[in-house]
Amino acid sequence: MKNFQRETSAATRIQLEDALKHLLDCDETGRGATMESLAGALARSRRHAAEVLGHLRGRGLATVTGDTHHLTADGRIYALQVVRTHRLYETWLARETSTPAADWHREAHKAEHHLEAAAVDALADRLNNPRFDPHGDPIPTREGQLPKRLLTSLASWPDEQAARIEHIEDEPEILFQQAEALGLAPGTLLDKSRQLADGAIEAMLEGRRIVIPAAITPLIHVTGPQPDEALPANLGRLSDLPVGGEAVVYALAPACVGPERRRLLDLGVVPGTHIRCEFASPFGTPRSYTIRGALIALRDYQAERILIHPLADPDNPLTA
């Protein structure tokens with residue numbers, strides 16, 4: 001693989017590695033890659049796709065059976081290394097940078113074609129060898145194993161059955177941005193869901209009723225929550241707390257990640273912390289809150305990701 005990388009121009013290498021990822025995806029789903037499917041994945045002509053497939057076959061990375069192309073053992077190892085790099089880099093962006101979630105995929109796509117295996121393994125160690133990336137995709141191990149996950153699309157999830165989001169597709173990017181704007185993320189719990197006439201799904205998300213458009217539901221994959229994962233009654237968000245109101249922190253929402261999450265934790269925003277909304281700016285945001293004796297300003301998008309109980313809530317186990 002190292003000789004292949006050295007002997008190939010940067011532009012050609014990117015095309016070949018993108019093709020390897022497409023063949024891996026097709027092999028994993030059991031459908032096999034075709035010239036047409038690769039042309040679509042690369043956004044290039046059928047002739048270009050045929051040339052790329054020829055390069056892969058000539059290097060022993062792919063083989064053809066009838067009209068479908070598949071990875072060889074060497075091709076699979078190479079493809080998994082590219083995927084491993086991409087997903088680890090996305091994890092690093094999510095945990096340690098302020099890069100917007102909508103940009104993770106694009107930035108990781110650039111990095112996956114340039115980072116060497118040793119640097120990727122060092123990154124994995126730095127991140128404590130995560131099993132899943134921030135979208136919920138499994139990260140191939142350094143031994144070349146790709147864990148399997150049995151998940152169900154939200155589009156086919158039964159009505160009125162609670163669900164835990166495990167994975168969200170990051171493409172198409174515009175749909176991923178819509179999912180993010182709704183506060184959806186791996187680890188998010190949905191309750192009291194029901195499918196609407198237009199295929200959209202209405203559900204309770206962390207104390208708030210939302211409508212998930214029909215175009216997004218197939219991109220979201222879920223499982224049933226564990227018995228101890230049920231959210232308590234009367235859960236709210238700090239952004240809804242009125243001036244003068246007091247509450248107790250229940251948790252940070254799963255959508256709160258990276259430096260933003262670390263900052264809130266450093267400020268003492270942990271389960272059981274008492275918070276009081278002191279006043280709002282003339283424009284409504286930011287608002288000032290007393291947290292552990294300090295006056296802290298938070299914008300609404302930050303306060304939205306802090307889940308709370310009203311202080312006098314009898315169902316709140318933190319104040320019972």
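Values computed for the structure shown
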item: Meets criteria (farther than 30 Å from residue 74 by Cα, surrounded by 15 or more Cβ atoms within 10 Å (Cβ to Cβ), among the acidic types (Asp, Glu) and not assigned by TED's automatic domain parsing to the domain that holds residue 251) for residue 191; result: yes
item: Residue check, residue 126 more than 17 Å from the chain's Cα centre (by Cα) and basic (Lys, Arg); result: yes
item: Residue within the stretch 233-243 that is closer than 27 Å to residue 180 by Cβ, in contact (Cβ under 8 Å) with a residue 60 or more places away in the chain and among the acidic types (Asp, Glu) present; result: no
item: Residue list for the stretch 49-66, filter: over 19 Å from residue 85 (Cα atoms) and either buried (at least 19 other Cβ atoms within 10 Å of the Cβ) or touching a residue at least 24 places away in the same chain (Cβ under 8 Å) (or both); result: 49, 52, 53, 55, 56, 59, 62, 65
item: Helices (runs of 4 or more DSSP H) within the stretch 1-119 that include 3 or more residues under 25 Å from the mean Cα position of the chain (by Cα); result: 10-29, 35-42, 73-96, 101-111
item: Selected residue (criterion: nearest to residue 258 (Cα to Cα)) from residues of the stretch 161-209 that are in a loop (DSSP other than H, G, I, E, B) and of a type in the set (A, V, I, L, M, F, W, C); result: 185
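The values are calculated or read from the model by the stated rules, or taken from the named source; none is laboratory data. From a predicted model like this one, the values you see are computed outputs, not experimental measurements. We place every Cβ from the backbone using ideal geometry, glycine too, and count neighbours over all the protein chains shown.
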